[in-house]
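S.K.: Dumping the structure here so I can ask a few things about it.
The values are calculated or read from the model by the stated rules, or taken from the named source; none is laboratory data. Just so you know, these numbers come straight off a predicted model, no measurement behind them. Virtual Cβ from ideal backbone geometry, glycine too; neighbours counted across all protein chains shown.
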Amino acid sequence: MTDESESRGYYRRLQAAVEELLVLKGVFTPEDVAREVAAMESRSYERGARVVARAWVDADYRARLLANGSAAAEELGLEVGPLKLIVVENTPRVHNVIVCTLCSCYPRMLLGIPPEWYKSREYRSRVVREPRAVLAEFGTHVADGVEIRVHDSTADMRYMVLPLRPSDTERLSEAELAALVTRDSLIGVGVPLASGGVSA
């Protein structure tokens, strides 16, 4: 068993113990826990995709999103909570990618449950040191002239990428644009394509 697996096992046991204690103390019931877990698992990156699509079609909303991600998400009825959401914009000259080097802080309220690779020690350490190589392994080849910025989430702050809108999508509706956005493009390891999916 690896150190990482042992660490996860420890925190799972700790979580179970704290949960059991809080149930015994009457702070909440097992049904409350089940409801919250179900609500968390029902969230997906499609929430974040809605935010991106709105920013692509509404320049004023895009400006508000970049100024205050939390407030802009809440404009669409997406509760962010006490965390600070920072949205970073990809441009022809800058490509952003998100990581949490210490653990796996992730904007779950907009992207759902993080993928296993996002939580892995390999991704968390390598994307900071060699982001261009890591992105290439995801099939995202960033030109040498484009700056790559890596953003490190913290316990009270989360990042989300506003990817570049694909070309030849002017006639698409907001819902159709949202369908082009992928989870990976919201993290920055992929980019949306006009035909759907991510770049190769």
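S.K.: The conditions are (1) surrounded by 13 or more Cβ atoms within 10 Å (Cβ to Cβ); (2) touching a residue at least 40 places away in the same chain (Cβ under 8 Å); (3) among the small types (Gly, Ala, Ser); (4) within 25 Å of Ala59 (Cβ to Cβ), and Ala194 fails exactly one of them. Which is it?
M.R.: Of everything listed in (1) surrounded by 13 or more Cβ atoms within 10 Å (Cβ to Cβ); (2) touching a residue at least 40 places away in the same chain (Cβ under 8 Å); (3) among the small types (Gly, Ala, Ser); (4) within 25 Å of Ala59 (Cβ to Cβ), Ala194 misses just condition (2).
S.K.: Condition test on Lys119, is it of a type outside the set (Val, Ile, Thr) and touching a strand residue (DSSP E or B) at 6+ places or on another chain (Cβ under 7 Å)?
M.R.: No: the conditions fail for Lys119.
S.K.: Also: Name the one entry in Leu102, Leu110 that is closer than 23 Å to Leu66 by Cβ and not charged (D, E, K, R).
M.R.: It is Leu110.
S.K.: Here is a check on your reading of the model: is Ala59 assigned by TED's automatic domain parsing to the domain that holds Arg165 and surrounded by 19 or more Cβ atoms within 10 Å (Cβ to Cβ)?
M.R.: No.
S.K.: Of the residues in segment 185-194, how many are part of a loop (DSSP other than H, G, I, E, B) and under 30 Å from Leu102 (Cβ atoms)?
M.R.: Number of matching residues: 4.
S.K.: Among the residues of segment 146-184, how many are of a type in the set (Gly, Ala, Ser), part of a helix (DSSP H, G or I) and either surrounded by fewer than 18 Cβ atoms within 10 Å (Cβ to Cβ) or not assigned by TED's automatic domain parsing to the domain that holds Val134 (or both)?
M.R.: Result for segment 146-184: 1.
S.K.: Could you count how many residues in segment 149-163 are of a type in the set (A, V, I, L, M) and under 9 Å from Leu186 (Cβ atoms)?
M.R.: Number of matching residues: 3.
S.K.: Now for a different question. Just to be sure, is Tyr123 farther than 30 Å from Tyr61 by Cα and of a type in the set (Phe, Trp, Tyr)?
M.R.: yes
S.K.: Need the failing condition index for Val142 against (1) within 27 Å of Ala63 (Cα to Cα); (2) modelled with pLDDT under 95, just the number.
M.R.: Tallying (1) within 27 Å of Ala63 (Cα to Cα); (2) modelled with pLDDT under 95, Val142 fails exactly one: (2).
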